[in-house]
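Rule-based calculations on the coordinates, nothing more; no lab input. Model, not experiment: these values are computed from the prediction. A quick note on method: Cβ atoms are made from the backbone with ideal geometry, for glycine too, and the neighbour counts reach across all protein chains shown.
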Amino acid sequence: MKSSIDSAKERERIVEMLSYERELWNSGNKYVAGVDEAGRGPLAGPVVAAAVIFPDDVYIEGVDDSKRLSALRREQLYSIIIKRALSVATGIVDEREIDRINILQASLKAMRMAVGRLSVRPDHLLIDGICLPEKFYPQTPIKGGDTKCFSIAAASIVAKVTRDRIMIEYDRVFPQYGFARHKGYGTRAHVEAIRRHGPCRIHRRSFKMDGWKR
């Protein structure tokens, strides 16, 4: 059980993370969307982006950069985020498109897809690290935003959980690679599996690796 001190510290942390949204809400921007992606680094599978819009009275204990959370905690928070958000949407760009346009452009495309699928038009975007080249919406890039901004952190959780679920499904199709364990990242076991079996159809061929069987 959390102590009252721990609870107070957590509330203070969440309030601080909401400072970006609060400034925009106070300026008349009702619909503020946090945007982030998951899956830029793996050797296999898609890149997934998420966009999340919250009401201005939101408070969800535990929201943080998805990389700081356990898989179980991400799943728990994912369910809460879906229930509490005004709108949540994802964009998925597969490995073939990643190979065709490169991972940066694929990440931007996934973000555009996620924003475009929101059920309400955002007044402002808060994006982890980068801006979308197209200026369809006012936007603010926040370096390290998934650790600093509540809505971006929530988007990072939605994107990560969505992508992990996809990779777990792929593990059933291609069990020899261990996708359920490493989610397509370049672990030693994954690299050894690629060298043993060659790449499968969800491997990113543009991510060069010595020893791949073509």
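Summary table below
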item	result
Residue in segment 121-136 that is under 24 Å from Tyr170 (Cα atoms), in contact (Cβ under 8 Å) with a residue 40 or more places away in the chain and not aromatic (Phe, Trp, Tyr) present	no
Of residues in segment 139-186 being without any contact (Cβ under 8 Å) to a residue 60 or more places away in the chain and in a loop (DSSP other than H, G, I, E, B), the one farthest from Glu21 (Cα to Cα)	Phe174
For Asp57: the one exception among (1) part of a loop (DSSP other than H, G, I, E, B); (2) buried (at least 24 other Cβ atoms within 10 Å of the Cβ)	(2)
Number of the condition not met by Cys131 [criteria: (1) of a type outside the set (A, V, I, L, M); (2) closer than 21 Å to Glu97 by Cα; (3) surrounded by 24 or more Cβ atoms within 10 Å (Cβ to Cβ)]	(3)
Residue match in segment 114-128 (condition: within 30 Å of Cys200 (Cβ to Cβ) and surrounded by fewer than 24 Cβ atoms within 10 Å (Cβ to Cβ))	yes
Answer residue from segment 4-36, given it is in contact with a His (Cβ under 8 Å, 6 or more places away or on another chain) and not in a loop (DSSP other than H, G, I, E, B) and is farthest from Leu126 (Cα to Cα) among those	Leu24
Residue list for segment 76-121, restricted to those being more than 24 Å from Lys30 (Cβ to Cβ) and either touching a Pro at 6+ places or on another chain (Cβ under 9 Å) or assigned to a loop (DSSP other than H, G, I, E, B) (or both)	Ile92, Val93, Asp94, Glu95, Glu97, Ile98, Asn102, Ala106, Leu108, Ala110
Residue within segment 33-49 that is touching a Phe, Trp or Tyr at 6+ places or on another chain (Cβ under 7 Å) and β-branched (Val, Ile, Thr) present	no
